[in-house]
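None of the figures in this text is laboratory data; all of them are computed from the coordinates on show. Note that the structure is a prediction, hence the values are computed from the model and not measured. Cβ atoms come from the backbone with ideal geometry, glycine included; neighbour counts cover every protein chain shown.
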Amino acid sequence: MKPNILFIMADDHASKAISCYGQGINHTPHIDRIANEGMRLDHCYVTNSICTPSRASILCGTYNHVNGVVTLDSKINKHLPNVAKHLHTDGYQTAMIGKWHLGEGSDHEPSGFDFWSVVPGQGEYFDPEMIEMGEHIRVPGYATDIITDKCLDWLKARDESKPFFMMCHHKAPHRSWEYDRKYEDLYTEDVSLPDTFEDDYKNRAKAAAAAKMKIDGDITYFDLGLVQPEGGSEIGEPSFVGSSDRKIPTPSDLSTFKLIDKDTGEVFRFETQQQLAHFKYQRYIKRYLRTIASIDDNVGRMLDYLDEEGLTDNTIVIYTSDQGFFLGEHGWFDKRFMYEESFQMPFVIRYPKAIKAGTVCSDIVCNVDFAPTFLDYAGSTVPNYMQGASFRPLLEGNTPADWPQVAYHRYWMHRDQHHNAYAHYGVRNQRYKLIYWYNDGFDLPGTNPGGEKPEWELFDCEKDPLELFNCYSDPAYAGIVRELTDLLNSKMREIGDVPAHA
Ligand code: CA
């Protein structure tokens, strides 16, 4: 029988927060098990580091200028072909459970799935509303448990004569990191601060300093499960226009400043600005990691089910995330940028029949390659409109000599009001990363001639893995700049995106 495909995807899960990636900040034994019994990919990249566009690329196997889902507010046209439709046509039972985030209503709901049950928009952590085959329901409990329960229920009731394709999309660990109370006691010890937490953003494009994604400055009371003192005058900038939530300030005078836990009423006071900044980081990272502990336990439940039913050998299991995430690197939370922490997607895969246990892949693959890979394993034809390529040979240890080893990224939401992240595009190969900040508006470069001057960044990923030194103007890199600009041009021509650079 054709292999089953169980695709488990989290929302904003950085590879650093999966223990098999070796950073040592948490323990995820069940996700690690997939890698230990299969393969870990170290250079899997997202083509647009934001939820909705990444999901469209995964589903359709196309870049965002082709599938039309370029921003967080874009909605997918449900009539577009997608991987689930192809697999369904070829005999698979298909299900989509969890976070969809590609629009709602009859024109945008999941299509190609025998069964779907999704959370509207970003979804809620507790007692979430869900839309199940078009019907709005509310389900008591914690989102990660509920999504897993629904996946297991569907698997138990499936037609065993057909292979299955299941997309299990967790809502966690997305902002505002509301964890299940049963993980309250995890991470009582402080988590180490990243080396670049106090980045000064020198030697870089202005986008880095301009981004409103700083843990010390932009994270809100709600994000950290805190409230302002009752009866006191509220301080802090509103998190966005019309929001009652506010950013936690760092006042110059801390003598009367306090923070209060929303649930316990515990009061926190600070003697220095640095102490306050570190408190915000610890509060953030521990909340984030606790939501992941719940995912890991629920991945374990899925793997146990496959074992119990004798499905392990014939099921491809994947764990990934719609993009990476900043966990304090450069002082940030959030994603959006082509910098490594948010650009890299975690990706572990197990298929005992074909993928050797305990292997690691260092080749570059992208999320547009997922759909062609699934179709390849299913024995289906990869349709011409798909722009990605199957990386099945890489998974099986046979990387072709001409595998491109290049990832293209484009972020379109220029200076959105929440994060003020600048739009950009660029390419990365195994050694270098070139980024073009067009700095002139939301849509195509050159459409806003009154805009700011464009900027380039070049990073030497081997000498400067933390991406602290833009070497674009360093004469020693002139040849590399030429080479990478050519690579960018050829990639953009290949996929049909925007003008080439001289
Ligand atoms: Ca996301």
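Couple of notes before you dig in:
- In order along region 243-260, the Karplus-derived 3J(HN,Hα) couplings, from 6.51 cos²θ - 1.76 cosθ + 1.60 at θ = phi - 60°, round to 8, 8, 7, 10, 6, 6, x, 10, x, 5, 9, 9, 4, 10, 7, 8, 10, 10 Hz, and Gly and Pro are given as x.
- Förster radius 22 Å - calculated FRET efficiency between residue 494 and residue 72 (Cβ-Cβ, nearest 0.05): 0.25
- Kyte-Doolittle mean at least 1.6 and Cα axial length at least 18 Å: DSSP H helices in the chain: none
- Between residue 14 and 325, the built amide H atoms are under 5 Å apart, and every one of these is 5 or more places off in sequence or on another chain.
- Rounded to the nearest 500, the helix-only mean residue ellipticity at 222 nm of the chain stands at -7500 deg cm²/dmol, with each DSSP H run of n ≥ 4 adding -39,500 (n - 2.57).
- Figure legend: label point modelled 7 angstrom from the Cα of residue 244 along Cα→Cβ; residues of region 190-230 with amide N under 15 Å from it are 221-223, 226-230.
- Cα centre as origin, Lys/Arg/Asp/Glu Cβ charges: the chain dipole, Debye: 780
- Farthest positive-ward along region 408-495 dipole, Cα basis, beta-carbon charges - from 484, 458, 422: 484
- Toward the positive end of the charge dipole of the chain, with +1 on the Cβ of Lys and Arg and -1 on the Cβ of Asp and Glu, the farthest Cα among 50, 144, 128 is that of 50.
- Taking the Cα centre of region 408-495 as reference, the dipole from Cβ charges on Lys and Arg (+1) and Asp and Glu (-1) amounts to some 200 debye.
- Of all lysines in the structure, the ones whose alpha carbon falls short of 27 Å from that of residue 162, not counting any fewer than 8 places away in one chain, are 2, 78, 85, 99, 150, 353, 356.
- Point-to-point label distance, residue 398-residue 138, nm (Cα→Cβ direction, 7 Å offset): 5.5
- Treating each Cα of region 408-495 as one equal point scatterer and applying the Debye formula with no solvent, the log10 of I(q)/I(0) at q = 0.14, 0.21, 0.22, 0.24 Å⁻¹ comes out as -0.52, -1.07, -1.13, -1.24.
- Secondary structure note: in the chain, about 60% of the DSSP beta bridges are antiparallel.
- Taking amide hydrogens as placed 1.01 Å from N in the peptide plane, the amide H of residue 165 sits under 5 Å from those of 5, 93, 94, 95, each at least 5 positions away in sequence or on another chain.
- Neighbour counts of C-beta atoms inside 10 Å place 399, 264 in the sequence 264, 399, starting with the fewest.
- Residues whose amide H lies under 5 Å from that of residue 246, counting only those 5 or more places away or on a different chain, are 221, 222, 239; hydrogens are built 1.01 Å from N in the peptide plane.
- For the chain, the convex hull drawn through the C-alpha positions has a volume of 155 cubic angstrom per residue.
- Alpha-carbon centroids, region 144-181 and region 352-396: separation in whole Å: 23
- Cα gyration tensor of region 165-272 - equivalent ellipsoid semi-axes, whole Å, descending: 24, 23, 17
- Neighbour-count order for 219, 435, fewest beta carbons within 10 angstrom listed first: 219, 435
- Neighbour-count ranking [beta-carbon atoms within 10 angstrom, fewest first] of 223, 497: 497, 223
- Computed from the alpha carbon atoms alone, the convex hull of region 25-141 holds 155 Å³ per residue.
- Ranked by how many other beta carbons lie within 10 Å on average, peptides 326-334, 400-408 from highest: 326-334, 400-408
- A run of the chain free of exposed loop cleavage sites, with trypsin sites (Lys or Arg not before Pro) counted only in DSSP states other than H, G, I, E and B and at most 14 other beta carbons within 10 Å, reaches its longest extent at 1-201.
- Taking Cβ atoms as reference points and 11 Å as the exclusive limit, the residues near residue 481 contribute a net charge of -3, counting Lys and Arg as +1 and Asp and Glu as -1.
- Karplus-based coupling profile of region 79-94, in residue order and whole Hz: 7, 5, x, 8, 5, 5, 5, 5, 5, 4, 4, 8, x, 7, 8, 10, with θ = phi - 60° in 6.51 cos²θ - 1.76 cosθ + 1.60 and x standing for Gly or Pro.
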